[in-house]
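Student: Starting off with a structure, shown below.
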Amino acid sequence: MTIRLDSLKANTGARRRKLRKGRGIAAGQGASCGFGMRGQKSRSGRPTRPGFEGGQMPLYRRVPKLKHFPLVNPKAFTLINVSAFKELKADSTVNLDLLVKQGLVTKPKHPLKVLGNGNLKVKLTVHASAFTACARTKIEAAGGTCHLLA
């Protein structure tokens, strides 16, 4: 048997008859149509907007918004890119003190974090508190090593 648009039919019991409200008590939903006696929810039209809590401050206004949650213990780093290391001598040990002496870092207030922007062709031993994955691969690809500080 081939299926054609004119032969399609819903399964038995899938389509129920519309309930006719307010057509007398014999119809099952007579008089107040299942909405109770009186009050806001029995009137015509939508009773209240979504999220309305009867005048109480609604939940979507009580909770803080996602963008501006303050971090409790934010991690701050002194940032430097891999591209700044190209001025350094080969086989030298790079740490925050050396970068301050060279003038590559001016405000060493926080621990050092190495970012991966730029290229590196010099073999270096880098001591830092954090490395991005890109920075680590670029330093090791140049023949250098990365050491994490506690």
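Student: Cα centroids of the stretch 1-59 and the stretch 78-102: how far apart, whole angstrom?
Tutor: 71 Å
Student: Would you mind checking the pairs 41/65; 75/101; 65/109; 86/109; 18/41; 89/113 and listing those with alpha carbons more than 29 angstrom apart? Numbers along the way, then the final one.
Tutor: Working: 41/65 31 Å; 75/101 25 Å; 65/109 31 Å; 86/109 23 Å; 18/41 21 Å; 89/113 20 Å.
Cα-Cα > 29 Å for 41/65; 65/109; rest within.
Student: Pull up the DSSP beta bridges for the chain and report the antiparallel fraction as a percent, rounded to 5. Each step should come with its number before you reach the end.
Tutor: Working: 1 of 14 bridges.
The antiparallel proportion sits near 5 percent.
Student: Report the one residue of 92, 10, 34 whose Cα lies farthest in the direction of the positive end of the charge dipole of the chain (charges on C-beta: Lys and Arg +1, Asp and Glu -1; origin at the Cα centre).
Tutor: 34
Student: Give me the extension gain from residue 92 to residue 33: residue separation times 0.36 nm, minus the current Cα-Cα distance, reported in nm with one decimal.
Tutor: Numbers: separation 59, 0.36 × 59 = 21.24 nm, distance 8.53 nm.
Length gained, residue 92 through residue 33: 12.7 nm.
Coordinate-derived values only; no laboratory data. Just so you know, these numbers come straight off a predicted model, no measurement behind them. No Cβ is skipped: glycine too gets one built from the backbone with ideal geometry, and neighbour counts run over all protein chains shown.
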